[in-house]
Each structure stands twice: as C-alpha cells, then as structure tokens.
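Derivation of every value follows stated rules applied to the coordinates shown; laboratory data play no part. Note that this is a predicted model, so its numbers are computed, not measured. Here the Cβ is made from the backbone with ideal geometry for all residues, glycine too, and neighbour counts use every protein chain on show.
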Ligand code: KIV
Ligand code: ZN
C-alpha cells in the first residue's frame with residue numbers, strides 16, 4: 001500500500017501575503033470551494049488574529065467547506081490561538097496551526113526571548129491549542145536557519161504537549177535541497193517521539209528552490225507539504241502545489257507516495273487564483289503556464305505526432321488543460337447550464353442563475369465556443385457588479401493614429417446615469433481619465449494587464465487593474481469581448497473596492 005503525502009494548501013494565507021494579492025471574503029470562499037474540489041487535504045484559510053476581516057473570512061470558509069480540513073494560523077500566544085479556534089469552529093474538519101521562531105536571529109531581534117522561553121511558549125501554545133482542537137500543527141519559523149539541537153529539543157516537547165504535525169519551514173528560502181533533506185532526516189531520527197507526529201515542509205522560493213527543497217524533505221521522511229496554487233506567497237512565493245503534485249505523480253517510480261489531488265482541477269483552480277489575485281501566470285510556468293504543453297520546434301512537433309511520449313512526460317488533459325471545454329452552446333438549456341455551474345463550484349440561487357444564464361446566452365450569441373473560463377469570468381462580473389456603487393454602462397471611443405483618443409463613457413453612479421467625455425494617449429487612457437473624473441478617483445495605477453481568457457480571436461479579453469491609495473492596494477478585474485469595455489469594467493471594479501471598507505484586505509497587520 002502506498003503511503004499518503006498530505007497536501008496542505010496555504011494560498012489563502014501565505015499566498016495572500018504576496019504584495020498586492022488581496023482577496024475579499026467572497027473571493028476566499030470561491031477559491032476554497034475549488035480547493036475542496038481539487039481535494040486538497042488541508043486549506044489554511046487565514047490568520048484570524050490579524051484583522052476582523054480575516055477572522056470573518058476564515059469563519060466563512062469554515063462554514064462552507066466540508067471535505068477538506070480548514071486551518072487557522074496563530075502565533076504562540078493565547079489571544080491568537082483562541083481567536084483562530086473560534087474562527088475554524090464551524091468546520092467539520094479543522095486544524096489549529098501555531099508557530100514561533102526558533103532561529104538565533106529571530107529569537108534575539110524579533111522575539112527578544114531566550115531559547116528556553118521560546119520552548120516554554122511553544123509548549124504552552126500547543127497545550128492550549130490541543131485543548132481547543134484535536135488536530136494541532138506546530139511550526140518552527142525560520143527552521144532552516146535554526147540550530148538542529150535546539151530544533152530537536154523544541155520539537156520533542158511540542159509533540160509531548162500534543163502537536164500532531166510538526167512543520168519545518170524554510171521561511172526565508174535559504175535552504176539547499178540536499179542540506180534541507182539531511183536536516184529533516186536528522187530531526188526525525190533524533191527526536192525520540194518523532195513517530196507520534198507527521199513531519200511537514202513549508203518552503204519559500206527566494207532562491208527558486210521551494211519545490212526542490214520540499215521534495216528533498218519528502219525524500220527524507222516528511223509526509224506533508226505546504227504549498228500554494230501558482231506558487232503564490234510572501235516575496236518570491238511558496239512551493240507551487242501543481243509542481244509538487246505532478247512531480248509525485250509523474251515520478252512515482254522514485255517518490256512512492258500517493259496524493260488525493262484530482263489533477264484535472266489544477267488548471268481551472270490556477271486560473272481562478274490568477275484572476276482573483278491579479279497575478280498572471282507566466283507562459284513558461286510548469287504545469288499551468290500557457291506554453292507548458294506547447295511544442296514549437298519542428299523536431300519536437302514531429303516527435304510528438306509520431307509518439308507523444310517522445311517529448312511529453314505528462315498529459316495536458318491530466319492537469320485540466322483540455323477538459324475545460326464547455327459542451328454547451330447557444331442552444332443549451334437552463335438546466336444543463338445550471339449543472340455546469342454547479343460542477344464549477346458555484347452555488348447560485350434562482351435569481352443569480354437567471355441573471356447569469358442571460359449573460360451566457362448573450363455571450364454564446366457572439367462567441368463560437370464558450371469555455372469554463374468564460375463562465376468564471378461571467379460569474380465574477382455579476383458578483384462584482386451587484387451592490388457596486390459605480391457600474392459601467394457603455395462607452396464610445398474614437399481613435400486615430402498620431403491623434404489623442406477620445407472616450408465618452410456612461411457610468412451609473414449611485415443609481416444615476418452620468419455621461420462624460422475625456423481624452424488620452426490611447427483609448428484605455430481616455431476611458432480611465434473619464435472614469436477618474438466621474439468617480440473623483442486619485443489612486444495610482446500599479447498594474448494594468450490584458451489576457452485573452454481562452455483561445456481564438458473571438459476570445460473574451462480579461463483585464464486586471466491594480467490600484468493603490470495610501471496603504472490600500474486593490475485588484476479589479478473585468479471581462480468583455482471588447483478589451484476597452486473590459487478595461488473600463490476592471491478599473492471601475494477596482495474603484496468600487498477602494499471605496500468599500502468591508503472589502504479591506506483581511507490580512508492587514510501582524511502577518512508573520
Ligand atoms: O514561512 C513561514 O515560516 C510561515 C510559517 C507561519 C509557517 O509561513
Ligand atoms: Zn511561509
């Protein structure tokens with residue numbers, strides 16, 4: 001019997017710590033639903049003590065998710081642990097994750113604590129957590145720069161206090177694979193009660209080694225990996241879930257472990273995370289990049305035609321690249337449409353379904369093939385527009401080479417139509433200028449990106465806009481067959497988010 005490798009996804013917690021990757025409560029719940037469909041074992045939903053918003057998001061995920069465990073992060077402090085326990089309480093399966101730094105540099109300068117005090121805090125924290133939850137994870141922050149003897153002492157005591165998982169993070173992405181593997185092996189061998197806990201790796205990608213280090217840890221005996229979709233995460237990110245899972249599946253001859261991941265869900269999940277966070281996936285990114293299965297060189301194409309495995313080690317459809325075609329067309333009925341939305345993880349009431357169905361029919365009239373990604377975009381648009389202060393109505397654009405572009409835009413502001421004309425260096429500049437005037441927006445534009453959601457010249461264009469006002473950063477998205485309209489929608493969406501305090505980035509302080 002193959003042993004299991006536990007997949008702990010931290011897209012909603014560490015992933016959200018990527019600068020600019022803010023997610024609202026609704027967005028976190030939508031991603032959590034797809035992570036559940038992906039069959040990740042544990043979803044780390046957030047850091048409840050960091051803000052009221054994050055507490056509410058973790059609780060909303062805990063109320064929604066049934067199959068995966070829902071985890072809340074807490075420093076080794078009573079107030080954090082109690083708050084995290086409260087946030088995850090509604091979940092049928094739950095985990096409390098508490099951590100404290102163990103490296104000399106963190107203990108001296110950040111915690112200002114002696115090593116023995118750190119051990120005492122860890123033990124108290126684990127005991128308290130274990131009183132509130134049966135499944136407790138303890139992490140030694142900055143473990144890769146910690147002293148192994150000290151790690152062995154603190155881990156032994158954390159296990160004795162009730163920790164069921166011990167996580168060894170390479171917090172600053174400093175480790176090298178062979179060294180990290182040896183470190184994990186040494187700890188598992190030397191800690192006398194190591195058989196009472198599952199060992200885990202949590203690797204950051206500062207040197208581009210997060211996945212390699214995680215796999216080295218697995219080879220050394222770790223049976224849980226912490227990872228994120230698209231490798232999102234603090235600074236250079238975390239180990240990418242899709243790379244770890246596909247490495248295990250593809251090289252099962254060397255890594256004789258089993259994951260529960262439904263790999264066909266990888267690409268749809270990656271796309272949703274990218275759409276929500278505003279972090280595009282680079283085309284040459286392994287597994288989920290647009291070119292990951294594209295063959296350009298003639299020799300390669302010839303080889304693949306003759307025998308696929310000459311140049312392909314995985315099947316594109318196994319990770320969800322070709323299973324995403326919607327078999328519905330413009331003649332499809334409401335029932336089939338509703339079933340497809342359900343399969344994509346949406347729970348819609350009758351009104352939402354009606355509204356979305358009209359949009360789908362409209363799109364199917366203009367576009368030859370409608371894909372799942374189109375449906376995600378339509379559904380995002382509806383959630384974005386409902387209850388928004390500003391809504392895009394329509395725009396008329398005039399452009400001519402070497403001349404200023406002009407845009408006349410109609411926006412609904414607090415229920416009233418406002419029409420305004422403006423000029424710019426191109427159609428998008430002119431539209432943004434007009435929207436700035438209507439909404440009195442003086443935020444800075446940090447990012448503007450356009451992607452075709454699917455293939456073909458009739459593809460919907462998806463625009464991502466990142467705006468900053470003071471310390472607040474938001475991501476707006478908009479999709480349309482016409483990219484100028486998509487740009488206007490994305491820009492207005494970002495402005496709506498900036499003006500709505502309930503959509504504050506939940507993790508706004510105290511993040512580790
Ligand atoms: O990188 C890190 O050390 C963390 C811990 C909180 C697990 O994210
Ligand atoms: Zn981390």
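A few comments on the model shown:
- Residues 36, 137, 403, sorted so that the one with the fewest Cβ neighbours within 10 Å comes first: 403, 36, 137
- Sequence-separation-based contact order of region 118-218, relative, with Cα cut under 8 Å and 6+ spacing, percent: 29 percent
- Per-residue ellipticity at 222 nm computed for the chain from its helices equals -12000 deg cm²/dmol, with DSSP H segments shorter than 4 residues left out and the rest contributing -39,500 (n - 2.57).
- Packing here is the average count of other Cβ atoms within 10 Å per residue, and on that basis the peptides 177-184, 248-255, highest first, run 177-184, 248-255.
- Between helix 210-219 and the chain: long-axis angle, C-alpha atoms, 0 to 90°, nearest 10: 40 degrees
- Derived value for region 1-144: Kirkwood hydrodynamic radius 15.5 Å. Basis is the mean of 1/r over every pair of different alpha-carbon atoms.
- For the chain, the share of DSSP beta bridges that are antiparallel, to the nearest 5, is 50%.
- Relative contact order computed over region 385-503 (Cα-Cα under 8 Å; 6+ residues apart), in percent: 19 percent
- Rounded Å value of the spacing that divides the Cα centres of region 151-215 and region 227-303: 24 Å
- With one equal scatterer per alpha carbon and no solvent term, the Debye-computed log10 I(q)/I(0) for region 341-457 at 0.10, 0.17 1/Å reads -0.41, -1.07.
- 0 to 90° range, to nearest 10: angle between helix 350-366 axis and the chain longest Cα axis: 60 degrees
- Diffusion coefficient (Stokes-Einstein, Kirkwood radius over C-alpha pairs, 25 °C, 0.890 mPa s) for region 202-338: 147 µm²/s, rounded to a whole number.
- In plain terms, the residue of 140, 71, 133, 441 with the fewest other Cβ atoms within 10 Å comes first and the most crowded comes last, giving 441, 133, 140, 71.
- The ranking of 288, 428 from fewest to most other beta carbons within 10 Å of each one's beta carbon is 428, 288.
- Remark: the Cα gyration tensor places the chain in the prolate category, a/c being 1.5 or greater and a/b exceeding b/c.
- Using C-alpha pairs below 8 Å separated by at least 6 residues, the relative contact order for the chain is 13 percent.
- Helix 148-161 and the longest principal axis of the Cα set of the chain meet at an angle near 90°.
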